[in-house]
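**Student:** Take a look at this one; I'll ask things after.
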Amino acid sequence: MSKRIFPHGFVWGAATSAYQIEGAWDQDGKGESIWDRFAHTPGKVLNGDTGDVAADHYHRWPEDIALMQQIGLKAYRFSIAWTRILPEGCGRVNPAGLDFYERLVDGLLAAGITPYPTLFHWDLPQALEDEGGWSNRKTAYAFAEFTDAISRRLGDRIRDWTTHNEVTCASLLGYQLGIHAPGICDWYTALRAAHHLLLSHGLAVQALRANCPKADVGFVIDPIPAEPASDAPQDYAAYRWFDGHHNRWFLDPLYGREYPADVVSEHIRRGHLPKGLDFLQAGDYDLISQPLDYLGLNYYRRGVLRAGSEDLINNIAPTANPPEGFTETGWEIYPQGLFYLLLQVWLTYRPRQIYITENGASFSDAPDENGRVRDERRIAYLHGHLAAAHRAIEAGVPLKGYFVWSFMDNFEWAMGYSQRFGLVWVDYASGRRLLKDSALWYRQVIEANAIPD
Ligand code: GCO
């Protein structure tokens with residue numbers, strides 16, 4: 001059987017995030033987060049689902065590490081709940097929260113799995129939101145305090161740190177579209193939030209460099225590779241605007257450029273910046289663009305833009321039936337987009353190293369009577385995207401690793417438990433876990449350091 005071999009030392013992993021899997025939302029001194037508040041507000045999440053219990057990973061983590069070992073994962077990407085460490089967002093530290101992540105990290109290391117923690121995966125302390133959340137500059141300094149507390153405790157055993165996951169979603173879905181916590185719908189607030197998220201990244205990089213001089217520090221983002229639906233000038237304008245406000249707005253300042261001038265003008269023209277970039281202070285660009293060790297890219301789909309659809313993050317699929325169909329989230333399956341994204345980001349920004357920090361698909365295949373989950377569509381999805389990643393490596397992209405989203409089924413934000421992305425099936429009523437066929441397939445890939453042709 002011929003196969004495509006990955007570079008020696010390629011990092012094979014899987015990812016999760018705290019609110020999506022942990023549960024124990026109010027235990028051991030944890031404070032309330034904006035996702036606790038949002039999910040507890042009727043009408044915000046499908047079926048009224050919440051992360052109160054989720055996959056109960058907070059209690060079942062030893063079992064979960066054992067499952068990771070069975071899959072043969074080399075690395076595990078997870079996030080740290082800020083409200084477990086600093087229940088009010090700043091000030092008082094909760095030792096029980098630090099202890100939890102210390103046990104988890106020690107467990108991973110003992111199992112030979114490299115921890116890749118992410119410091120912010122959207123669960124902002126509600127106490128900070130009460131003072132404006134990310135739209136308040138003070139939140140960026142609180143994030144540095146949180147980063148300092150956790151990296152002092154774990155910096156001796158963690159090398160790979162990610163500051164943020166998808167600041168684009170945290171700002172635009174949370175503060176502009178309002179479909180994620182905190183559920184605000186205002187462009188100016190969202191752009192302030194975006195700026196303070198980027199600034200907080202810079203402050204966190206400083207804290208990590210101070211506490212862990214040997215760390216590899218990165219940033220995870222989800223640029224959507226975009227293209228105009230036709231060669232009509234209106235579709236091209238829609239594409240430029242989408243690529244501008246969704247992709248370049250975040251990556252340009254991260255890599256030492258300013259906010260893109262065409263997007264600033266367009267935001268002003270649309271009335272999104274009534275006071276211009278009044279939140280931008282001297283020195284901010286330097287803080288935001290400190291050298292990074294890696295960039296993490298999350299990829300799920302491309303954007304095909306036509307006039308009139310450009311503001312709707314959820315309305316960017318091609319109109320025609322796409323050849324590979326859709327996943328159950330309704331997102332087009334388009335592996336080639338991962339190749340384009342890797343090439344485009346690498347050629348434009350030249351990150352030193354890149355990881356695919358998330359890629360995966362929602363398919364709800366359930367266990368049969370023998371407890372087997374035959375999720376062939378997920379296997380095909382992963383295979384197609386890994387083949388695209390492999391082509392990018394051959395083209396010269398410094399791709400260091402790949403993390404499946406997700407290690408296990410979990411709470412899919414506003415879609416609640418209606419979507420299953422896991423390699424591991426979770427029965428939410430009992431907490432029981434089962435390896436899906438995709439997990440067994442992934443184990444073979446990891447063992448071979450290769451995908452079959
Ligand atoms: C994301 C996320 C995950 C989602 C996944 C599927 O960053 O959007 O990191 O939390 O569950 O992307 O939508």
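What follows draws every value from the coordinates through simple rules; no lab data is involved. Because the structure is a prediction, the values reported are computed rather than measured. When we count neighbours, we look across all protein chains shown, and the Cβ atoms used for this are built from the backbone with ideal geometry, even at glycine.
**Student:** Please report, in debye to the nearest 20, how large the charge dipole of region 3-452 is about its Cα centre when each Lys and Arg carries +1 at its beta carbon and each Asp and Glu carries -1 there.
**Tutor:** Charge dipole of region 3-452: 1020 debye, to the nearest 20.
**Student:** Sticking with this one: Take Leu347 and Arg92, extend 7 Å from each Cα along the Cα→Cβ direction, and tell me the distance between the two endpoints in nm.
**Tutor:** The two pseudo-label positions are separated by 5.5 nm.
**Student:** Expressed in nm to one decimal, what extension gain is obtained for the pair Ile5 and Gln290 from 0.36 nm per residue of sequence separation less their Cα-Cα distance?
**Tutor:** Gain on extension, Ile5 to Gln290, equals 99.2 nm.
**Student:** For region 148-212 and region 358-386, what is the separation of their Cα centres, given in Å?
**Tutor:** Value for the Cα centre distance between the two parts: 31 Å.
**Student:** Pop a pseudo-label 7 angstrom from the Cα along the beta-carbon direction at both Ser230 and His59 and give the gap in nm to one decimal.
**Tutor:** 5.7 nm
**Student:** Moving to a separate point now. Skipping prolines and chain starts, which residues have an amide H placed within reach, meaning under 5 Å, of the one on Ala450, given they are 5 or more residues away or on another chain?
**Tutor:** Amide H neighbours of Ala450, under 5 Å, 5+ apart: Phe6.
**Student:** Nearest-5 percent of antiparallel DSSP beta bridges in the chain?
**Tutor:** Given both bridge residues lie in the chain, the antiparallel proportion sits at roughly 20 percent.
**Student:** Restricting to Cα pairs below 8 Å that are 6+ residues apart, what does the relative contact order work out to for the chain? Please round to a whole percent.
**Tutor:** So the answer I get is 19 percent.
**Student:** Might you report the magnitude of the Cβ-based charge dipole of region 1-116 about its Cα centre, with Lys and Arg at +1 and Asp and Glu at -1, to the nearest 20 debye?
**Tutor:** Once rounded to the nearest 20, the dipole reads 640 debye.
**Student:** Hey, another quick one. Using the Karplus curve 6.51 cos²θ - 1.76 cosθ + 1.60 with θ = phi - 60°, what ³J(HN,Hα) values do you get for each residue of region 173-184, in whole Hz, with x for Gly and Pro?
**Tutor:** 6, x, 10, 10, 7, x, 8, 10, 4, x, x, 9
**Student:** Using label points projected 7 Å from each Cα along Cα→Cβ, tell me how many nm separate Asp437 and Ala395, to one decimal.
**Tutor:** Those two pseudo-labels are separated by 3.1 nm.
**Student:** Of Lys3, Lys400, Lys436, how do they rank once you tally other Cβ atoms within 10 Å and put the fewest first?
**Tutor:** Listing Lys3, Lys400, Lys436 from fewest to most nearby Cβ atoms yields Lys3, Lys400, Lys436.
**Student:** Straight-line reach from Lys44: which lysines have Cα under 16 Å away, leaving out those fewer than 8 places along the same chain?
**Tutor:** The qualifying lysines are none; the list is empty.
**Student:** Over what distance in Å are the Cα centres of region 253-315 and region 1-62 separated?
**Tutor:** So the separation of the two Cα centres works out to 27 Å.
**Student:** Treating only the Cβ of Lys, Arg, Asp and Glu as charged (+1, +1, -1, -1), what charge dipole size does region 243-309 show about its Cα centre? Round to the nearest 20 debye.
**Tutor:** For region 243-309, the charge dipole is close to 480 debye.
**Student:** Name the long-range amide H neighbours of Val11: under 5 Å, sequence gap of 5 or more, or other chain; modelled H, no Pro or chain starts.
**Tutor:** Gly401, Tyr402
**Student:** For the charge dipole of the chain, defined by +1 on Lys and Arg C-beta atoms and -1 on Asp and Glu C-beta atoms about the Cα centroid, which residue among Leu251, Ala81, Ala181 has the Cα displaced farthest towards the positive pole?
**Tutor:** Among Leu251, Ala81, Ala181, the one farthest towards the positive end of the dipole of the chain is Leu251.
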